[in-house]
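S.K.: My structure is below; once you've seen it, I'll send some questions.
The values are calculated or read from the model by the stated rules, or taken from the named source; none is laboratory data. Treat the numbers as computed from the prediction; the structure is a model and nothing was measured. Note that each Cβ is placed from the backbone with ideal geometry, even for glycine, and that neighbours are counted across all protein chains shown.
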Amino acid sequence: MNSLVIPAGPRIRRLTTALMVGTALVAAPAVGAQTTPETFAPLAEKISDSVVNITTSTTVAARTGPGPVVPEGSPFEDFFRDFMDRGQGQGQGEPRRSQALGSGFVISEDGYIVTNNHVIDGADEISIEFFNGESLDAEVVGTDPKTDLALLKVASDAPLKPVPFGDSDEAAVGDWVMAMGNPLGQGFSVSAGIVSARNRALSGTYDDYIQTDAAINRGNSGGPLFNMNGEVVGVNTAILSPNGGSIGIGFAMSSNVVSKVVDQLREFGETRRGWLGVRIQDVTDDLAESIGLADARGALVSDVPEGPAAEAGMEAGDVILSFNGNDVGDTRELVRRVGDAQIGATVPVTVWRNGNSEELEVTLGRREDAEAVPASVNRDAPESSSESEILGVTVQQLSAEMRDSLGLPGGTEGLAVMDVNGESAAYEKGIRAGDVITEAGQEKIASVADLEDQIATARDAGRKTVLLLIRREGDPRFVALPVEE
């Protein structure tokens, strides 16, 4: 079971349980519910035939290498010798079979089943168990690791009983939810709770999780989160827990994300997401001030490698305010909107550039086919070995030797960061020795004088900060540094 460490100590855990069999029914948000339901029994009966237990079997390679070393004469010598002898007698050194469990739900009469990707990842055999005890073998139709979703298919003599997707955007905080499954291998069971929060992000690019306090445990991975109408509004994926058990903080990928991914997996066997071709970062208050943007909104373009955006004339330093007629609040929103857009479509994009809004037309590519091409500057710059301290940062003009040591393309211009004052704003903003400053005030720089000119320009314009483009190991990001003397 994979886990993500949370800084405060608890862990976000995937919900697959090894060496057990399980399906989970989790309470799903009740849209518009005002009071506690008198009973969940009718809903449990309604959806029980649609929730399944998933058992996977995987061949684990033989363990090689020497066994434990026990000092001669140790009181444990005989114990370990007997233990190793028994292990060899049971086929130690040979491949073995490992089982794991998860949950899922039926979405069509002809046998399509949704679950988490991590439930079936690497499995040789997948078995589906229904509430009535029937078991069927399943095949993988397609997977999407980015949203941790998988689509399976079983062949059944009789039509299966599917459950519909609901609109997760209508699931409000406080709505009742319910689910059914086999947590911790205890057999089919029901749990209920409410929607605790919306639009949670864990670690993925397309994350849009519903948080719930309905009991979710290991073995619930891939199980459905139902609203009180019996519609799936989420797929249970992870829990926040210090010990692996439910403490009332569970996460289900929202159905509006799931349904789009499942449609593509069903049609193509893979996902086909739109691709804009930019590297982006969120706009903070100081970044907005440094570029004359009234509000901290949109997605700041930090790099434009070869691709659709570059062909449309987009530039590093642009702020994407609108995509295909929809306002862009932050980078997460832009990524989701682009991913949902049609490949090959030409869409309008509004950017903020040099204090003005500009309209661009971008023909989208396909993200899965895209390969990032690092941006580089191709002008030759005079070389200098002198160091200067500016805004708490000691910089030196890039030399050929520095380019080689930093792994930069030949001809890259800028200033290498040699040292950073630990008490400076630059240090607080994360600038470190080894970084390279390639732009200031959205202008390329090749010397210390260029940087000083841009700082002076910002001061003359009455700005409190100057916008720097920093590259670290090829990855760009913008940083706004205060220019007060």
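S.K.: Within the range 210-229, can you find the residues that are crowded, with 24+ Cβ neighbours inside 10 Å and either assigned to a strand (DSSP E or B) or not assigned by TED's automatic domain parsing to the domain that holds residue 114 (or both)?
M.R.: Matches in the range 210-229: 210, 212, 224, 225, 226.
S.K.: I'd like to know if the range 212-231 contains one or more residues that are free of Cβ contacts under 8 Å to residues at least 24 places away in the same chain, out of contact with any Lys or Arg (no Cβ under 7 Å at 6 or more places or on another chain) and not aromatic (Phe, Trp, Tyr).
M.R.: no
S.K.: If we keep just the residues of the range 166-191 that are within 26 Å of the chain's Cα centre (by Cα) and among the β-branched types (Val, Ile, Thr), which is surrounded by the fewest Cβ atoms within 10 Å (Cβ to Cβ)?
M.R.: 173
S.K.: Okay, moving on. Sort out which residues of the range 277-297 are of a type in the set (Val, Ile, Thr) and part of a strand (DSSP E or B), and write them in order of number.
M.R.: Of everything in the range 277-297, just one residue is of a type in the set (Val, Ile, Thr) and part of a strand (DSSP E or B), namely 280.
S.K.: I would also like to ask the following. Identify, by number, the condition in (1) crowded, with 20+ Cβ neighbours inside 10 Å; (2) modelled with pLDDT of 85 or more; (3) over 32 Å from the mean Cα position of the chain (by Cα) that residue 468 doesn't meet.
M.R.: (3)
S.K.: Still on this structure, please answer the following. Only one residue in 302, 357 is in contact with a Ser or Thr (Cβ under 7 Å, 6 or more places away or on another chain) and part of a strand (DSSP E or B). Which one?
M.R.: 357
S.K.: Is it true that some residue in the range 138-157 is loosely packed, with under 13 Cβ neighbours inside 10 Å and not in a loop (DSSP other than H, G, I, E, B)?
M.R.: Within the range 138-157, one or more residues are loosely packed, with under 13 Cβ neighbours inside 10 Å and not in a loop (DSSP other than H, G, I, E, B).
S.K.: Still on this structure: Could you identify the single residue in 471, 463 that is closer than 15 Å to residue 398 by Cβ and in contact with a Gly (Cβ under 8 Å, 6 or more places away or on another chain)?
M.R.: Answer to the check: 471.
S.K.: So, of the residues in the range 374-404 that are among the hydroxyl-bearing types (Ser, Thr, Tyr) and modelled with pLDDT of 75 or more, which turns out to be nearest to the chain's Cα centre (by Cα)?
M.R.: 394
S.K.: From the list 232, 163, 195, which residue is out of contact with any Leu (no Cβ under 8 Å at 6 or more places or on another chain), buried (at least 24 other Cβ atoms within 10 Å of the Cβ) and not acidic (Asp, Glu)?
M.R.: Step by step, each of 232, 163, 195 is checked, and only 195 is out of contact with any Leu (no Cβ under 8 Å at 6 or more places or on another chain), buried (at least 24 other Cβ atoms within 10 Å of the Cβ) and not acidic (Asp, Glu).
Let's see how each residue does on (1) under 26 Å from residue 214 (Cβ atoms); (2) in contact with a strand residue (DSSP E or B) (Cβ under 6 Å, 6 or more places away or on another chain); (3) touching a residue at least 40 places away in the same chain (Cβ under 8 Å):
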position: 118; (1), (2), (3): yes, yes, yes
position: 129; (1), (2), (3): yes, yes, yes
position: 132; (1), (2), (3): yes, no, yes
position: 144; (1), (2), (3): yes, no, yes
position: 158; (1), (2), (3): no, no, no
position: 177; (1), (2), (3): yes, yes, yes
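S.K.: Next question. Whether any residue in the range 125-139 is at positive phi and of a type outside the set (Phe, Trp, Tyr) is what I want to check.
M.R.: Yes, that holds for at least one residue.
S.K.: Being in contact (Cβ under 8 Å) with a residue 24 or more places away in the chain and surrounded by fewer than 22 Cβ atoms within 10 Å (Cβ to Cβ) is the filter; apply it to the range 248-263 and report the residue that is farthest from residue 206 (Cα to Cα).
M.R.: If we take residues in the range 248-263 being in contact (Cβ under 8 Å) with a residue 24 or more places away in the chain and surrounded by fewer than 22 Cβ atoms within 10 Å (Cβ to Cβ), then 248 is farthest from residue 206 (Cα to Cα).
S.K.: Return yes or no: is residue 108 at pLDDT below 85 and either closer than 30 Å to residue 194 by Cα or in the same structural domain as residue 151 (by TED's automatic domain parsing) (or both)?
M.R.: no
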